[in-house]
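Right, one structure below, let's go through it.
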Amino acid sequence: MAISDDKLDRQARRILRQNDRGGYTVPTAGLYPYQWNWDSCFAAWGFSSFDVKRAWFEIHTLFTGQWDTGMVPHIIFHKRADGYFPGPDVWGVDRVPHTSGITQPPVAATLIRSIYEQDKRYGRVHMELIYGRLVSWHRWFMKSRVERGMVAITHPWESGRDNAVDWDSAMAAVSTEGVGEYTRRDTSHVDPSMRPKKEDYDRYLKMLYYGRESGWDEEKIREGSPFRVADVGMTFIFLRACRDLLQIAMDLDHLTPEIEGWIAELEEGVRNHWNPAGYYDSIDLRSGEFTGSLSSASFLCWYAGIDNETMKAHLEDILQKVTFGVPSYDPRDEKFEHLRYWRGPVWGIINALIGIGLNERGLTQLAGRLRKDTRDLITEHGFYEYFSPVDGTPAGGDKFTWTASIWLTWAGPHAKGRF
Ligand code: GLC
């Protein structure tokens, strides 16, 4: 018998409560035992549907990890936890709480605005406190990462799409010399065939060591790091975040010209992401070449406020080829693997972001399809980390925070998000 929607709502709320470690929410027990940046923003969004105070708490905890440079790291290691590699000792970041040395997709301004809009009276004081934090994070992006209007990543983990096809050519150029021995922990929690391969992992570590040896100095990393890619997903997410930050600024009566300037620069940058082959693409900044990959991140254009008919045609065609959209990589290409992490599987959070964009730009039928696919996958299989677009097989971690969150805020029948 199918599980009722009410029961799923209760399960989703329970997952958020159970993954709560006292002010921050782990993505899933075991596999990811710390606070991850964009996961945490989705967690806060989920909490806001039934406990807005807890939602703000999550956000404040995330920003305790913010560096003096403005950067908000991708992991905050609040408490000691076993079973994760690379932990705080490997990153070598000298501050408390300990953090990683790289960032993650800045969905914060967008999701925080959504929490704030739902509860302005209680939320105003929180919004005032967080506003300056958001501005300094965005300023850091503009200063340290935006090149020709595009957002550069210095490590695939920054993209949130760890082993996407987008990074293949840039990764191939990274030597694995001197990486040495290490023990992965992810493959003891989940099926190795669904995780990144060893040669990928060697390179992830090589880039991490480069950052650490550079003292996490952005100038040095820009000059010499073996990997630097303008990530189309990051550019779209950041452009969208700047638009939301602008709305927050106006609401709070802050000056806005600086943010308006950022938006104009990023809108120009979006043009540079257009691969003449006919889609939005990432660019390897070391070689200057397009990465030649049409991934789900390319479909974040509408979320960034950009319409594009060619992308719409791609999306419609791809959705005809799979049972459940949106596959994280183009199923028409030979590199597509339906169960390997970011090289094919469907991720609920990306569906939510794409769906929000489609809906706002008037493409409501397509948005409806994504919502239905996401709802069906969760109803049928539960709150997994990701799913096969071909047959819906659930994979990765179970009882996943962000999957529960987007059920409560976007995909589920009683969703209470602002979108
Ligand atoms: C993986 C995902 C990343 C996510 C993290 C925690 O590394 O690729 O996007 O933030 O797990 O869920």
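FYI, it's all coordinate maths here, none of it is from the lab. Just so you know, these numbers come straight off a predicted model, no measurement behind them. Note that we place each Cβ from the backbone using ideal geometry, even for glycine, and neighbour counts take in every protein chain shown.
Rg and Dmax of the range 244-337 over Cα atoms: what are they, in angstrom?
16.4, 51
How long are the semi-axes of the ellipsoid equivalent to the range 1-135, from square roots of 5 times the Cα gyration tensor eigenvalues, in whole Å, largest first?
Working: eigenvalues 127, 90, 22 Å².
Those come to 25, 21, 11 Å.
Using a Förster radius of 30 Å, what is the FRET efficiency between residue 268 and residue 119 based on their Cβ-Cβ separation? Nearest 0.05, please.
0.25
What length, rounded to one decimal in nm, is gained on full extension from residue 197 through to residue 372, with 0.36 nm per residue of separation minus their alpha-carbon distance? Before the final figure, lay out the partial values.
Values: separation 175, 0.36 × 175 = 63.00 nm, distance 3.21 nm.
Difference between extended and current length: 59.8 nm.
Among the lysines, select those whose C-alpha is under 30 Å from the C-alpha of residue 7, and discard any that sit fewer than 8 residues away in the same chain.
Within the straight-line limit of under 30 Å, residue 7 reaches these lysines: 53, 120, 372, 399, 416.
Expressed as cubic angstrom per residue, what is the convex hull volume of the alpha carbon set of the range 105-221?
Numbers: hull volume 19.7 nm³, N = 117.
Considering the Cα atoms of the range 105-221, their hull volume per residue is 168 Å³.
So which aspartates and glutamates pass the test for residue 220, namely a Cα distance under 16 Å, with those fewer than 8 places away in the same chain ruled out?
Of all the aspartates and glutamates, those that pass the test against residue 220 - Cα under 16 Å, at least 8 places apart if same chain - are 147.
Working out 0.36 nm times the residue gap between residue 148 and residue 79, then minus their Cα-Cα distance, what length gain in nm do you get to one decimal?
On the way: separation 69, 0.36 × 69 = 24.84 nm, distance 3.89 nm.
Full-extension gain reported as 20.9 nm.
Please enumerate, by chain and number, the lysines with C-alpha under 23 Å from the C-alpha of residue 198, excluding those fewer than 8 residues away in the same chain.
In chain and number order, the partners are 206, 335.
By the scheme Lys and Arg +1, Asp and Glu -1, what is the net charge of all other residues having a beta-carbon under 11 Å from that of residue 57?
Numbers: positive: 53, 54; negative: 20, 51, 58.
That sum, taken over residues with Cβ under 11 Å, equals -1.
If each residue's Cβ is checked for other Cβ atoms within 10 Å, how do 4, 293 rank with the fewest at the top? Don't skip to the end; give the middle numbers.
Values: 4 10, 293 23.
Exposure proxy ranking, most exposed first: 4, 293.
If R0 is 35 Å, what FRET efficiency do you get for residue 250 and residue 50 from their C-beta distance, rounded to 0.05?
Numbers: r = 29 Å, r/R0 = 0.82.
FRET efficiency, residue 250 to residue 50: 0.75.
Could you give the distance between the Cα centres of the range 207-230 and the range 80-137, to the whole Å?
Using only Cα atoms, the two centres lie 22 Å from each other.
Starting from the Cα-Cα distance between residue 213 and residue 6, subtract it from 0.36 nm times their residue separation and give me the gain in nm to one decimal. Display every interim value, and only then the final one.
Details: separation 207, 0.36 × 207 = 74.52 nm, distance 5.12 nm.
Stretched out fully, the residue 213 to residue 6 stretch lengthens by 69.4 nm.
In terms of the Cα gyration tensor, with a ≥ b ≥ c the square roots of its eigenvalues, is the chain rounded because a/c is under 1.5, prolate because a/b exceeds b/c, or oblate?
On the way: a/c = 1.13, a/b = 1.07, b/c = 1.05.
Judged from the Cα gyration tensor, the chain comes out rounded (a/c under 1.5).
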